[in-house]
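Everything on this sheet refers to the single structure shown next.
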Amino acid sequence: MGNLLRLEEGALHAVAAAVALDPTFALGHAALALLGHELCAPVDIEARLRDARLHARRSTERERSHVEAVARHVGGDSGPLVRHLRRHPTDALLLSVAVPTIAFAGVTTVPRDAWEIVERCAPAYGDDWWFTGLLAFMRQEQGRFDEAMELSCLSLDVEPGAGHSAHARAHAHYETGDHTGGLAWMDGWITGAGAQADSLCHFSWHAAMHELSMGDLDAVRLRYDAQLRPQPGLGCRNLVDSGSLLWRWALTPGSTAVPRIEEVLAVVDSALLASPQSPFMAMHAAVVLCAAEDAEGLATLARSCAARTDPTHVEVTAPLARALRRLVLGDPSGAADAIAALAPQLGRVGGSDAQREVVEETRICALVKAGRYPEALTVIDGRLDRRRCRRDEWFQAQAQLTEIWSPSTARFFDASGA
């Protein structure tokens, strides 16, 4: 649990060892199933859930409730998990699962619902360092960046390796446009107190986003080569961090010789691209398939999302895949309109504003490719109103030109010719 709450390496192996020592450990089996479902860990989820339910029969009410909440959550019904937290607010593992963060997708697509869950549990935790970090992340989502920074620093003073707290601070720096300060702090944390973080590449992604925002493309290249190059074993992170960075880097005016998205495709499980479990993963699958100009893959993704029972898949990620397919097939204007129609609903896929911005940036490029410069400038101006960003100023300058910035090559956003 310490590893899980700090977002450090070792949690999966520790839980597996506990189950090996006590095969009747119901909560251990449930935790393995949860990590397999949420983090793409190599786990036989169905077998772990079966054993968890079997051994929970002789457990306490709290343990039976925990196991049932996990099983129902994995099956797509998170209601029992939310009700479990009402009775047992100090179940930190399931509170972690309930809130969309760096580690988990959350149990609601409505941010305010997640915030309410956290606020309701607050009296049970007092000034606990872990909960303080979770609260800090929630505050930055609410736009209360000063509070988020204060809370994250309080948590990090107690537990310097606290991953949630570091993540909250990373977002506070980014959303306020403090790219210089945020980059300096993140680099120090990655090589210092956070060196054992399980999702270290995501923190590297945050550092790269600061560098990208500042227009330091040479630094982005060095960061990618040293910390973000896709590799087997990273699972979903290859898609979410490396894949999205490559696309955003390639879309940046002035970028050259961006590594090809095939580096990501070579190590990502094909099932993650064709039939991702969560809307958040589906959004990133759509982005990576778009970067690869894989119209067939996007069609497959759209069909699989449309066939799911989750309304977010049906109403948001399936249309997104279809919109990006239009871009790949040479209809940037239609793609831009379809993406614009989805914008009010995009928050339902989970993740952070910083991650979902990749869709907005794709819309900007579609508008420019379609020659709809005034509309592109309106979107860019809105971004600059939120925070100053040199990269957005480059987008602005490019949109003011009378020609499309993408190169005349077979790959319409292959920045090697930009």
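List of remarks:
Conditions (1) under 16 Å from E357 (Cβ atoms); (2) among the small types (G, A, S); (3) touching a helix residue (DSSP H, G or I) at 6+ places or on another chain (Cβ under 9 Å); (4) in contact (Cβ under 8 Å) with a residue 60 or more places away in the chain, marked per residue:
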{"position": "H171", "(1), (2), (3), (4)": "yes, no, yes, yes"}
{"position": "D178", "(1), (2), (3), (4)": "no, no, yes, no"}
{"position": "G182", "(1), (2), (3), (4)": "yes, yes, yes, no"}
{"position": "I190", "(1), (2), (3), (4)": "no, no, yes, no"}
{"position": "S199", "(1), (2), (3), (4)": "no, yes, yes, yes"}
{"position": "H210", "(1), (2), (3), (4)": "yes, no, yes, no"}
{"position": "R223", "(1), (2), (3), (4)": "no, no, yes, no"}
{"position": "G235", "(1), (2), (3), (4)": "no, yes, yes, yes"}
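- Some residue of the stretch 253-261 being hydrophobic (A, V, I, L, M, F, W, C), buried (at least 23 other Cβ atoms within 10 Å of the Cβ), assigned to a helix (DSSP H, G or I) and in contact with a Gly (Cβ under 8 Å, 6 or more places away or on another chain): no
- Residue check for A292: modelled with pLDDT of 95 or more, open to solvent by 10 Å² or more (accessible area, probe 1.4 Å), over 19 Å from D77 (Cβ atoms) and in contact with an Asp or Glu (Cβ under 8 Å, 6 or more places away or on another chain): yes
- Where helices (runs of 4 or more DSSP H) sit wholly within the stretch 13-132, those with at least 1 residues that are without any contact (Cβ under 8 Å) to a residue 60 or more places away in the chain, hydrophobic (A, V, I, L, M, F, W, C) and open to solvent by 40 Å² or more (accessible area, probe 1.4 Å) occupy 45-56, 111-121.
- Checking the stated criteria, A250 turns out to be more than 14 Å from the chain's Cα centre (by Cα), assigned to a helix (DSSP H, G or I) and either crowded, with 22+ Cβ neighbours inside 10 Å or at negative phi (or both).
- The stretch 154-169, residues that are touching a residue at least 12 places away in the same chain (Cβ under 8 Å), part of a helix (DSSP H, G or I) and open to solvent by 40 Å² or more (accessible area, probe 1.4 Å): L154, V158, R169
- The residue of the stretch 262-277 that is farthest from P230 (Cα to Cα), among those that are within 20 Å of the chain's Cα centre (by Cα) and outside any loop (DSSP other than H, G, I, E, B), is A274.
- A single member of G143, G181 is open to solvent by 10 Å² or more (accessible area, probe 1.4 Å) and either in contact with a Phe, Trp or Tyr (Cβ under 6 Å, 6 or more places away or on another chain) or outside any helix (DSSP H, G or I) (or both), and it is G143.
- Looking across the stretch 83-123, the residues that are modelled with pLDDT under 95, farther than 23 Å from P276 by Cβ and β-branched (V, I, T) come down to I117, V118.
- Look at (1) among the small types (G, A, S); (2) farther than 22 Å from D77 by Cα; (3) surrounded by 21 or more Cβ atoms within 10 Å (Cβ to Cβ); (4) within 24 Å of the chain's Cα centre (by Cα) and you find that A376 fails only one, number (4).
- Within the stretch 317-357, tally of residues that are among the aliphatic types (A, V, I, L, M), under 21 Å from the mean Cα position of the chain (by Cα) and crowded, with 22+ Cβ neighbours inside 10 Å: 7
- In the set R303, R260, R308, R248, only one residue is within 26 Å of T180 (Cβ to Cβ) and among the charged types (D, E, K, R); that residue is R248.
The values are calculated or read from the model by the stated rules, or taken from the named source; none is laboratory data. All figures in this text were calculated on a predicted structure; none of them were measured in a lab. We place every Cβ from the backbone using ideal geometry, glycine too, and count neighbours over all the protein chains shown. Calculation scope for accessible area: heavy atoms of the full protein, side chains included, ligands and nucleic acids excluded. Shrake-Rupley method; radii C 1.70, N 1.55, O 1.52, S 1.80 Å.
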